[in-house]
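Structure first, commentary second.
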Amino acid sequence: MLDTGYWISDAYSYNCFQKLNNNEMKKLLLTFAAGFTGLLSFAQNIDKIINATEVERIEKILSADDMQGRKTFTPGIDKAADFIAGEFAKSKLQFFGSNTDYFQPIIMTKAKPVEITGTLDAEPLTTDNIAANTTASSLDITSLKDYEVVVVKKDDDFSKVVFPVFDLDKNVLVLVDTAHARRFKGMQRFAGNAKFQSAVSQVFILTANLNPSAINLHIKNQLTEQHLKNVVGVIPGTTKKDEYVVFSGHYDHLGIGKPNANQDSIYNGANDDAAGTTAVMMLAEYFSKQKIKPARTIIFVAFTAEEIGGFGSRFFSKQLNPDKVVAMFNIEMIGTTSKWGTNSAYITGYEKSDMGKILQANLTGSKFHFEPDPYPKQKLFYRSDNATLAELGVPAHTISTAKMEEAPNDEPNYHKQSDEIGTLDMNNMAEIIKAIAISSTSIISGKDTPGRVEKMK
């Protein structure tokens, strides 16, 4: 912000000012007045566009019962996508790349096993003890040498060993000790989700035999093509149009479950992550209304399928050259106040780049403050839609206020039917969105370029 007093305190400038004739004085005062009016209009402009009333309008629609919890592959998520696209159209965003509308189509493949037969040594292999992460119509494993073997022992951390296997680009056979039977059942459902077409497979076997000598397994699958879509809009840059700044949030949630004693059956996902998606739409409207166009191209994207594996962001990331992505602002769960109270949020992976410091410098004089992620044990930096681009070296960070500690200090409505609009703080959300808008300005204008994140090997 312009400091209107700094030049008066400078002796040289003051002497020059005293020597001005009347005409020059008038010109200077007019120039100053115009600049001061511009500052006032800037403040008024942002409050007119980003405010609690507008936050509530969008949140009410996205988290309404008729969205049916915005679960992937349901009419509810399609309805949400149409609404987001309509808001992008109101903001007069351009389409992304060669798209002819705001939708970025994603084709997924679901493999449903219709036949599983075989043995692990003498142990029968069936639908009860087999899970397959595959898009193949059939699988035949007749030798342990054909697959890399991973063992999950009784005392191993199931999640830390099993779920990274899903991201491997190779054939893997995972032997899971029967002590993890309950977790295995949940993982079976996850493995059965639709996924990108792939030539590799990961097969999981629940067994007490962690050192087998032979395998003979046949799996026959019924394949179904399923469709998803990200919602993407663009404000083209001017002098640095081939450099990109991304604002994102995921618009999918968990859908409909069983009614409980205190809530209905719908997982409305008002905070997770209708809140972040609301921010993306409001930022699109704000930047589209600015008279000075951005130097760098701004991409606004609402991701699908975050809750089932981050497929929307993973697909989107493949459509960009990561070296051209200057920064990514992923916005996740900003509807409740942070551990520091109002006018604050944290940035995941704060220490991995200087992006957080740039944002805070742009808020100098403001009561709002960004903080480093206070929950390092939760590894949040790689648990949201920023992860794929971050792994490729992009300073891609998630901004959040969610309390991700252990109960009773965590988010009480996280992944529950109680995550409804009445639990959110609209005024605080508006302040967070305004802080993101203002703090990102120097990156969008090309003045600041955050340092790169170390690439994952």
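Observations on the model:
- Single unsatisfied condition, MET429 versus (1) under 18 Å from the mean Cα position of the chain (by Cα); (2) modelled with pLDDT under 95; (3) under 19 Å from GLY335 (Cα atoms): (2)
- Matching helices (runs of 4 or more DSSP H) fully within segment 358-457 where at least 3 residues are within 24 Å of GLU54 (Cα to Cα) and in the same structural domain as ARG57 (by TED's automatic domain parsing): 426-439
- Any hit, segment 277-288, residues being among the hydroxyl-bearing types (Ser, Thr, Tyr) and outside any helix (DSSP H, G or I): no
- Some residue of segment 192-199 being closer than 29 Å to ALA122 by Cβ and modelled with pLDDT of 95 or more: no
- Test: residue in segment 294-305 that is in a strand (DSSP E or B), among the basic types (Lys, Arg) and closer than 17 Å to VAL394 by Cβ: yes
- Within the set LYS170, LYS220, the sole residue that is in a strand (DSSP E or B), in the same structural domain as THR117 (by TED's automatic domain parsing) and basic (Lys, Arg) turns out to be LYS220.
- Here the helices (runs of 4 or more DSSP H) wholly within segment 1-107 that include at least 3 residues being modelled with pLDDT under 95 and within 26 Å of ILE235 (Cα to Cα) are 22-49.
- Only a single item in (1) surrounded by fewer than 20 Cβ atoms within 10 Å (Cβ to Cβ); (2) over 26 Å from ILE292 (Cβ atoms) is not met by GLU420, and it is number (1).
The values are calculated or read from the model by the stated rules, or taken from the named source; none is laboratory data. Everything numeric here is computed off the predicted structure, so don't read it as measured data. Neighbour counts are summed over all protein chains in view; Cβ atoms, including those assigned to glycine, are modelled from backbone coordinates with ideal geometry.
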